[in-house]
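Here the structure is laid out as structure tokens; the discussion comes afterwards.
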Amino acid sequence: MKERNIMLTHEEMPKQWYNILADIKMNPPLGKDGNPIGPDSLAPVFPMNLIEQEVSAERWIDIPEEVLDIYSMWRSTPLIRAYNLEKALDTPAKIYIKNESVSPAGSHKPNTAVAQAYYNKEFGIKKLSTETGAGQWGSALAFATSQFGLECKVFMVRVSFDQKPHRKTLMEAWGAECIPSPSNLTNAGRQILEKYPDTPGSLGIAISEAVEAAVSDQSGETRYSLGSVLNHVMLHQTIIGLETKKQLEKVGDYPDIIIGCAGGGSNFAGLAFPFVQDKINGKNIEIYPVEPAACPTLTKAPFVYDHGDVAEYTPLLAMHSLGHAFIPPPIHSGGLRYHGMAPTVCQLVDEGIITPKSVHQSEAFGAGIQWARTEGTIPAPETNHALAQVIIEAKLAKEEGKEKVILANYSGHGMLDLMAYEKYFSEELTDFELTDEEMKKAEEIFKDYPKPEHIKSK
Ligand SMILES: Cc1ncc(COP(=O)(O)O)c(C=O)c1O
């Protein structure tokens, strides 16, 4: 019998997160006046203990015992050697897949949801509001808040709300409220509905609604929670890469290529950042965030200052952006339909430390099917983008005759995304390509904003 699932014992589990801000320099977030914002300006939105983490440059941050305890419900997650896929591709490459789909909500998202719920509870907060794209993040936060006895309100992007009705049921099972966005509950939502009554929604709109719901609660007991993009979210997700390093050590391997799909950047960062630290210190690794060609943030959009949401409630962040009013095409990877990207991931792209890739959704679903027919499980549509790149790299390794070690993140399962698979089988999936004209129009919105510097961290 082959060693397929590499696991860690309780004793071997990492007890600290890795903070990449200790190893790279960043453009600061700016207020509307163009000046760097201080931690206090974020206080109505996030609890101060998470704001401190957001700006911390300490390399290692202890994971609280209560968070480790909940992690132990599903962590460590398996590192799988994909022997069957290797055989089907007849590749000399070794393919390792870190399986984050085994969490209660079915993705990597609970890694930060649990941490955020913990820090909010510690700060005395009673209720969290958030947005969700595919519904994975909303269900992760619903699970996490149920563990800590907090209330939870989720604004779910309309198109995903309609495509994935069972995600709402899942959130309700954990006691959360789930509302399609744009909604009539907020000023931001009402303004959009007035202009575009049939809009499929976007993460940028849903973020505006969730932020507004938090800051307008007069009791002061509600805060907002974000499932990607921010520094503290990337920090919490590094548990993925830190476990993986130990798992690979057990079998005496180290990756040549690291791959993760990228929506806001968090599952990619979670796997890759602990290895990025090695690359900064001289290791030779190729590191690829993979995005949908229909929403080409890292591969085509410029590195600029832009808002994280449509109503411009968030500070200006230095990131690659398609423009905060951009409504992405209704592809089936709801979690990859974001106009921006984590500033940490963008900084690494700008410095040439990591190299973004993009694939079309039909190629991604094809890869997901090949995975299902070899390795057995049904991946999330987002995860399929990473698998498509894995297959590209494994074929390249065959052409070059090289025994490359390929490592990728399996960010979630697709058991609640079967409607998308059905569309793939009935050939109803469309590949969208943004024209230069559409991109230019979307980017008009930030043309007068301050410009970030091109910083070299070392
Ligand atoms: C399964 C899955 N993978 C990936 C993503 C993309 O998010 P991120 O780039 O923050 O990992 C999402 C977001 O909802 C998701 O649900």
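Each value in this text was obtained by applying a stated rule to the coordinates, not by laboratory testing. Every value quoted in this text rests on a predicted model; they were computed, and no experiment measured them. Glycine gets a Cβ as well: all are built from the backbone with ideal geometry, and neighbour counts include every protein chain shown.
Here ILE95 clears all of (1) closer than 30 Å to ASP448 by Cβ; (2) of a type in the set (Val, Ile, Thr); (3) in contact with an Asp or Glu (Cβ under 7 Å, 6 or more places away or on another chain) except the condition numbered (1). Restricting attention to the stretch 308-323, does a residue exist that is over 21 Å from GLU209 (Cβ atoms) and out of contact with any Pro (no Cβ under 9 Å at 6 or more places or on another chain)? No, there is no match, as no residue in the stretch 308-323 is over 21 Å from GLU209 (Cβ atoms) and out of contact with any Pro (no Cβ under 9 Å at 6 or more places or on another chain).
When the stretch 359-390 is examined, which residues are found to be crowded, with 23+ Cβ neighbours inside 10 Å and either of a type in the set (S, T, N, Q) or without any contact (Cβ under 8 Å) to a residue 12 or more places away in the chain (or both)? Answer for the stretch 359-390, where residues must be crowded, with 23+ Cβ neighbours inside 10 Å and either of a type in the set (S, T, N, Q) or without any contact (Cβ under 8 Å) to a residue 12 or more places away in the chain (or both): GLN361, THR383, ASN384, GLN389. Restricting the stretch 72-115 to residues that are part of a strand (DSSP E or B) and of a type in the set (Lys, Arg) leaves a set whose member that is farthest from the ligand (Cβ to nearest atom) is LYS94.
Residues considered: VAL304, VAL290, VAL276. Of these, the only one that is among the hydrophobic types (A, V, I, L, M, F, W, C) and not in a strand (DSSP E or B) is VAL276. Which ones in the stretch 116-133 are within 16 Å of the ligand (Cβ to nearest atom), of a type outside the set (Val, Ile, Thr) and closer than 18 Å to LYS168 by Cβ? GLU131, GLY133, listed by residue number. Put simply, of GLU393, GLU403, GLU453 the only residue that is within 30 Å of GLN247 (Cα to Cα), more than 16 Å from the ligand (Cβ to nearest atom), in contact (Cβ under 8 Å) with a residue 12 or more places away in the chain and within 25 Å of the chain's Cα centre (by Cα) is GLU393. Of all residues in the stretch 344-372, exactly one satisfies the criterion of being in contact with a His (Cβ under 9 Å, 6 or more places away or on another chain) and among the aromatic types (Phe, Trp, Tyr), namely PHE365.
Is it the case that LYS283 is assigned to a helix (DSSP H, G or I), among the charged types (D, E, K, R) and either away from the ligand (no atom under 12 Å from the Cβ) or surrounded by fewer than 16 Cβ atoms within 10 Å (Cβ to Cβ) (or both)?
Values: assigned to a helix (DSSP H, G or I): no; among the charged types (D, E, K, R): yes; either away from the ligand (no atom under 12 Å from the Cβ) or surrounded by fewer than 16 Cβ atoms within 10 Å (Cβ to Cβ) (or both): yes.
No.
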